[in-house]
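Q: Dumping the structure here so I can ask a few things about it.
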Amino acid sequence: MSNAAPIKAENLSKHYGDVKALQRLDLTLETGEIFGFLGPNGAGKTTMIRTILDEIRPTEGRSSILGFDSRADSVEIRRHIGYLPSGTVLYPNLTGRDTLTYFANLRGGVDWSYVGELAERLNADLTKKIGNLSSGNRQKVGLIQAFMNRPELLIMDEPSAGLDPLMQSEFHAILQELAAEGRTVFLSSHTLSEVQLVADRVGIIRHGRLVALESLAEMRSKAMRKIDVQFDGPARESGLAGVAGIRDIKVDRDRATLSFDGRMADLLKTLAEGNNVLDIRTREADLDEIFLTYYRDDETDRTEAS
Amino acid sequence: MLASVFTKSISDRWTSMTVATVSIGLLLTGAAAVYKGIDLSIYQDMPEALKNLYGFSSEGGVSQLAYGAIYSFMAALAYAGVAVSIGTSSIAGEERDGTMGILLGNPRSRGYVLAHKTAGLICLVVLGGLVLLGAGLLAPGIVGISTAGTHIDALMLHMFANALVFGLLALAVGGWTGNPSLSSGIAAGLMVVSYLAVSLLPMVSGLADLAKIFPWYYYNGSDPLRNGVDGAHLAVQLGLSALFIGVAAVGFQRRDLRERTVGTSLLDRLRDNPLTHRAMEKLAGTARVSGVVTKTASEQQGMLAVISLAIVLLGILIGLMFNGLQADLATISEDLPEGVMALVGNVDMGTPEGWLTGELYSLVVPIALIALAATMGSRALGSEEKTGTMGLLLARPISRSRIVLGKSAAMLINVGIAVVLTSIGVALGSWLGDLGVGTTEILATSLMAGLLASVFGALALALGAATGRVPLAAFGSAGAAFVAYLANSMLPLSDNLSDFAKLSPFCYYLTGDPLVNGIDWSHALILGGLTAGLIALSLVLFNRRDLR
């Protein structure tokens, strides 16, 4: 397998007139990782994927996949990857097997015993016409076509749409097996719980900009804590406003709850001033809360901008 | 327009009905203008068979001829055809698209939906009828011809009832079965069969009364244009309509609704049948998906089959008709004014070659082949972009150029198949009718038609490659073909502009009279070169563009 970065985007921008769908995006994936690409609808996830796959051309910047230039070597790139577009649409008049045969013929070198194994694991019916399948069953055919050539890099845009929980976990198991073999997965999603389950590293995109890029562990550790403080008597919060990193503070007579991502020492000092602190409980905020915080910032940006 | 199922049904389809009927109205005005300038005596001498097929009545003035030519035949078929398509989409079409479930998710009964859909269908047919009636009343005035002795209102009333019969038949079959292919197939099939039967059966002695079992008979069997409304015939038409509404109501209430489905082709059925499974598995399955070329070629199998079959049958029929008509045809050619001669291809219909050229090669064959090529060319790239499969296709290690070339090859292959079948049909007709036209020349002329069609197919491909939009590519290439046809027919009539006709691809199609002289290689080269050039242009355009 190639030693080059599975995906490398440099200063990648895509503008549609005044709409900046991607803005100076820099991103490098590491071999063998599962990378979660998170963002709300319309943030630029699909634009990013379509740009690096040469479906659309960047306004600025460049990208490469497995060391091949997205633009010049796009055919070579596609020898080594598996791709599932968002909202998977397949040919309604073909059966699942016809669909896979077609794609296998266009690619060459597909191991049909592996296809059979995938179909069995995902419980996919390949004999029915795609147009007569439910959306989840259609998605399974989409997944198989992405997996079937054992790609070095998998690019999946909202892959678990329509899959039932059992199939989702089977799908995640396959992803993890592939990563364990040294293959790389680029998983675009707006469902955090999915990324949280499988990803090693997370990038968050909004308004076409990459606003965060961290390992899942890092993100959790540095991230926000939820803090409950119990006072002996009514709380005096006068000094708290000055502490950097406090958000969403709520005071209810002798109790205060707050989200905090600043320096703990500053907080403790301020709390102690003029208060008799009885108890402090802190816990790690879960990823959902972190994610929402990023988006809430987003909303603030927008209010400020307007 | 979305206040109820009724208003939505109307807003969904009023454009197709309006476009169809307004076009027919324009055609009628054009036809009236043309007939005004012709010596009409030739029509009196036409053989009964031709008059019946084209709806001419034996005596009468210019207006009757124009109404007869456009309304009795073309308008009635197109008008009823639109009604069939609306009838099909009313119930069965919504089930196929998967929207019936959502519609019935609202607190409305099936009876309510059917009543509104039926009312929508009837209103649209009324709308179309009013447009046609308006055009029928206005056209003679515009052109300045008399309408004495004609009852256009009576003709329109019967034509309206006729469209209603076939539209409601489609609604009834769709309501009973929920199968849109069956619904449009039965209604449109019966429409064409009954039109042909009513036109041709009266010529066969002893079978004239058989025409009465076909609904079309009650439209023009009484010749309402001359004789006014026939109450009994109208009652039959309205009675049939009411019967079909009843069938639709009963059928729709009693059955399970269908889920969203895709159509099943003949190949699919053979593939599912255990007897034919092995052979068909290869043809309908593995062979079909072996690559971009075969898959694309197979997608238009229905259209290819219908077009080819129609040309083959027409080729045989036209060949057989020649001997009976030869004497009359010779006089027609002599009497036709220059302008009309130009429109039918400047041929002497009195010779076998002229007859085949005039009846088949000047218009019917190129229209059919251009329709096939332009459909494939316009859908080649845009339809995969529109449905969203282009991304998946391009996830394979194949270049955009290979996709363009594969799709072009598929188009050329299908046009090639149609060319071969056309040649077979015309050659059969020539042999059966003892016309003595050489097979090589027939093949050469069909090939030239195929090359001509490929030019417009490649133009559609280039438009699709540049924009990714199917309708733009389809209408653009069809419009170009229409303009090119008119340019080649009309410009030579003017001394100053005749050279510009050489810009039209049609100029290189029949000019050398290939049915007599065989293939003109320089013309073939020009058409082939244009096609190749447009395909090369498509490569450039498709490679440069952001996919949709």
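Q: Scanning chain B for helices, which whole DSSP H stretches are 20 Å or more long along the axis (Cα) and average -1.0 or more by Kyte-Doolittle?
A: In chain B, the long hydrophobic H runs are B:5-36, B:110-143, B:152-177, B:180-200, B:231-254, B:301-335, B:364-387, B:400-432, B:439-467, B:470-490, B:521-544.
Q: For the interface of chains B and A, what total accessible area is buried with a 1.4 Å probe, rounded to the nearest 100 Å²?
A: Using a 1.4 Å probe on protein heavy atoms, the buried area is about 3000 Å².
Q: Quick one: length gained pulling B:Leu243 to B:Lys502 fully straight, 0.36 nm per residue minus the C-alpha distance?
A: Fully extending the segment from B:Leu243 to B:Lys502 adds 87.6 nm.
Q: As an exercise, identify the GluC sites (Glu not before Pro) in segment A:156-194 lying in DSSP coil whose Cβ has no more than 13 other Cβ atoms within 10 Å.
A: In loop regions of segment A:156-194 (DSSP not H, G, I, E or B), the sparsely surrounded GluC sites (Glu not before Pro) are A:Glu181.
Q: Could you check how much of the accessible area of segment B:5-254 is carbon and sulfur, as a whole percent, using a 1.4 Å probe?
A: Carbon-and-sulfur percentage of accessible area, whole number: 68.
Q: Another one. With r as the distance between the Cβ atoms of A:Thr59 and B:Asp434 and R0 = 60 Å, compute the FRET efficiency 1/(1 + (r/R0)^6) and round to 0.05.
A: 0.30
Q: Could you tell me the calculated FRET efficiency between A:Glu120 and A:Asp18, based on Cβ-Cβ distance and R0 = 56 angstrom, to the nearest 0.05?
A: Result of the calculation: an efficiency of 0.65.
Q: Oh, and also: Under 18 Å between alpha carbons: how many lysine pairs meet that in chain A, if sequence neighbours fewer than 8 apart on the same chain are excluded?
A: Value for chain A: 7.
Q: Follow-up. Expressed as an acute angle from 0 to 90° and rounded to the nearest 10, what is the orientation of the C-alpha long axis of helix A:287-305 relative to the principal long axis of chain A?
A: For A:287-305 against chain A, the angle is about 80 degrees.
Q: Report the antiparallel proportion of the DSSP beta bridges in the protein assembly as shown as a percent, rounded to a multiple of 5.
A: Within the protein assembly as shown, antiparallel bridges account for around 70 percent of the total.
Q: Which peptide among A:257-263, B:452-458, A:82-88, B:510-516 comes first, and what is the full order, when sorted by highest mean count of other Cβ atoms within 10 Å?
A: B:452-458, A:82-88, B:510-516, A:257-263
Q: When we measure straight from the Cα of B:Lys212, which lysines land under 21 angstrom away, once same-chain ones fewer than 8 places off are left out?
A: Within the straight-line cut-off, B:Lys212 pairs with B:Lys51.
Q: Could you calculate the FRET efficiency of A:Ala244 with A:Gln176 from 1/(1 + (r/R0)^6), where r is the beta carbon distance between them and R0 is 41 Å, rounded to 0.05? Don't skip to the answer; put the middle values down first.
A: Values: r = 39 Å, r/R0 = 0.94.
In this case the efficiency is close to 0.60.
Q: Could you provide, to the nearest whole Å², the per residue accessible area of the protein assembly as shown with probe 1.4 Å?
A: Per residue, the protein assembly as shown has 43 Å² of solvent-accessible surface.
Q: How long, wide and thick is segment B:5-254, going by the Cα atoms along their three principal axes, in whole angstroms, largest first?
A: 63, 43, 28 Å, listed from the longest principal axis down.
Q: Now for a different question. Once you sort the root eigenvalues of the Cα gyration tensor of segment B:412-548 as a ≥ b ≥ c, which label holds: rounded (a/c under 1.5), prolate (a/b larger than b/c) or oblate (the other case)?
A: Oblate, because a/c is 1.5 or more while a/b does not exceed b/c.
Q: In the full protein assembly as shown, how much of A:Leu192 is accessible to a 1.4 Å probe, in Å² to the nearest 10?
A: 10 Å²
Q: Once both axes come from the Cα atoms, what is the angle between helix A:112-121 and the longest principal axis of chain A, in degrees from 0 to 90, rounded to 10?
A: 40 degrees
Q: Using a 7 Å offset from the Cα along the Cα-to-Cβ direction at both B:Thr511 and B:Asp209, what is the distance between the two label points in nm, to one decimal?
A: Using points 7 Å along Cα→Cβ, the separation is 5.8 nm.
Q: If you count, for every residue in B:382-395, the Cβ atoms of partner chains within 10 Å of its Cβ, what is the mean?
A: Partner Cβ neighbours, averaged per residue: 6.
Q: Determine the shape class of the protein assembly as shown: with a ≥ b ≥ c the square roots of the Cα gyration tensor eigenvalues, call it rounded for a/c under 1.5, and otherwise prolate if a/b is greater than b/c, oblate otherwise.
A: Verdict is prolate for the protein assembly as shown.
Q: Using protein chains only (no ligands, no nucleic acids) and a 1.4 Å probe, work out which residues of segment A:77-111 have their accessible area cut by at least 50 Å² relative to the chain alone.
A: Relative to the lone chain, where solvent access is computed with a 1.4 Å probe, segment A:77-111 loses at least 50 Å² at A:Arg78, A:Val89, A:Tyr91, A:Asp98, A:Tyr102, A:Phe103, A:Leu106, A:Arg107.
Q: Give me the accessible area of A:His190, 1.4 Å probe, in Å² rounded to the nearest 10.
A: So the heavy atoms of A:His190 present about 80 Å² to solvent.
Q: Hey, another quick one. If packing is taken as the average number of other Cβ atoms within 10 Å across a peptide's residues, how do B:76-87, B:381-392 rank, most packed first?
A: B:76-87, B:381-392
Q: A further question follows. Calculate what fraction, in whole %, of the accessible area of chain A sits on carbon and sulfur atoms when a 1.4 Å probe is rolled over the protein chains.
A: Summing carbon and sulfur atoms, their accessible area is 47 percent of the total for chain A.
Q: Further question on the same structure: Taking a spot 7 Å from the Cα of A:Lys269 along the direction of its beta carbon, which residues of segment A:225-258 have an amide N less than 12 Å from it?
A: Once the point is set 7 Å along Cα→Cβ of A:Lys269, A:243-244 turn out to lie under 12 Å by backbone N, inside segment A:225-258.
Q: Right, next: With the Cα gyration tensor of chain B giving a ≥ b ≥ c as the square roots of its eigenvalues, does the rule (a/c under 1.5 for rounded; else a/b larger than b/c for prolate; else oblate) give rounded, prolate or oblate? Kindly include the intermediate steps, with their values, before the conclusion.
A: On the way: a/c = 1.60, a/b = 1.01, b/c = 1.58.
Oblate.
Q: Also: Measure nothing fancy, just the Cα-based angle from helix A:96-107's long axis to the longest principal axis of chain A, in degrees from 0 to 90, nearest 10.
A: Rounded to the nearest ten degrees, it is 80.
Q: Counting DSSP beta bridges in segment A:7-220, what percent are antiparallel, to the nearest 5?
A: The antiparallel fraction comes to roughly 55 percent.
Q: Follow-up. With all protein chains present, calculate the accessible area of B:His151 using a 1.4 Å probe and round the result to the nearest 10 Å².
A: 80 Å²
The values are calculated or read from the model by the stated rules, or taken from the named source; none is laboratory data. Just so it is clear, the structure is predicted and the values come from calculations on it, not from any experiment. Please note: Cβ atoms are built from the backbone with ideal geometry, for glycine as well, and neighbour counts cover all protein chains shown. All accessible areas refer to the heavy atoms of the entire protein, side chains included, with ligands and DNA or RNA removed. Shrake-Rupley method; radii C 1.70, N 1.55, O 1.52, S 1.80 Å.
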